[in-house]
Structures are given as C-alpha cells and as structure tokens.
1. For the subset of region 54-75 comprising residues that are of a type outside the set (Lys, Arg) and buried (at least 18 other Cβ atoms within 10 Å of the Cβ), which member is farthest from Gly90 (Cα to Cα)?
2. Which ones in region 1-44 are in contact with a Phe, Trp or Tyr (Cβ under 8 Å, 6 or more places away or on another chain), at pLDDT 90 or above and surrounded by 14 or more Cβ atoms within 10 Å (Cβ to Cβ)?
Amino acid sequence: MEVERRGAEEMLVRLPIYKGSFLYLCDMKEKRFTTTLRCGGCTAKITPLMEAEPSIEEWSVDLESEGKVLTVRGNDVKSDRVLELLKEAGFEGKEMKRGIFKKVFG
C-alpha cells in the first residue's frame with residue numbers, strides 16, 4: 001500500500017489488488033445531482049457560485065446526460081449547500097443515490 005498526500009486535506013491510497021493492478025482510493029468526497037440545467041448559459045450562471053464555495057474543489061456538469069448531472073468534489077461538500085447554490089441561481093437539483101461500490105469504498 002502506498003499513501004500520497006495531495007495538499008493538507010487530501011490523500012490518495014494505492015492498493016495492489018492483482019498482478020500489477022491497483023485500486024486507487026481518494027478521501028475527497030464526490031456527490032452527484034440531477035439538475036434542471038439545460039445549456040452552457042445555465043452552467044455559466046452557476047459558475048460564480050460554485051467557484052466561490054470553499055468546500056467545492058472541483059465540479060462539472062454533464063449536459064449530455066439525461067438528468068443533466070452535476071458532479072461536485074471536495075473534502076467537506078454538503079448536499080444541502082449545493083442544492084442552495086442551485087436554487088440561488090434559479091435551478092433545482094436532487095442528490096443521486098449512491099451505488100454499492102460507493103457505499104463500500106466511498
């Protein structure tokens with residue numbers, strides 16, 4: 001097992017699992033939301049809010065996905081705060097349920 005520090009609060013762990021294959025675990029939290037965003041203009045509208053939020057380190061929107069999925073990463077990301085930011089910009093969102101892999105390893 002190898003541990004790599006990435007900044008003061010983020011850590012990446014590399015676990016060997018099988019003949020040269022590794023499982024990478026990162027302690028940064030990721031949350032996903034379906035949204036009412038529709039286009040690049042909508043994304044531009046939420047950008048200043050997302051960029052100003054200290055708990056959000058990375059974020060992206062997949063406008064091609066059915067639910068216009070917003071993915072947010074950070075060490076202390078709170079779902080309620082992300083939903084507040086969306087509402088402040090005039091949009092709605094709903095947190096997506098986590099799959100079994102995320103429940104076990106996330």
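The values are calculated or read from the model by the stated rules, or taken from the named source; none is laboratory data. Source: prediction; values computed, not measured. Glycine also receives a Cβ, built like all others from the backbone with ideal geometry; neighbour counts cover every protein chain displayed.
1. Initial filter on region 54-75 (of a type outside the set (Lys, Arg)): 54-67, 69-72, 74-75.
Retained after the next criterion (residues that are buried (at least 18 other Cβ atoms within 10 Å of the Cβ)): 56, 59, 61, 69-70, 72, 74.
Details: Ile56: 19, Trp59: 18, Val61: 16, Val69: 16, Leu70: 15, Val72: 18, Gly74: 23 Å.
Ranking the candidates gives Gly74 first.
2. Residues satisfying the conditions are Thr35, Leu37, Cys42.
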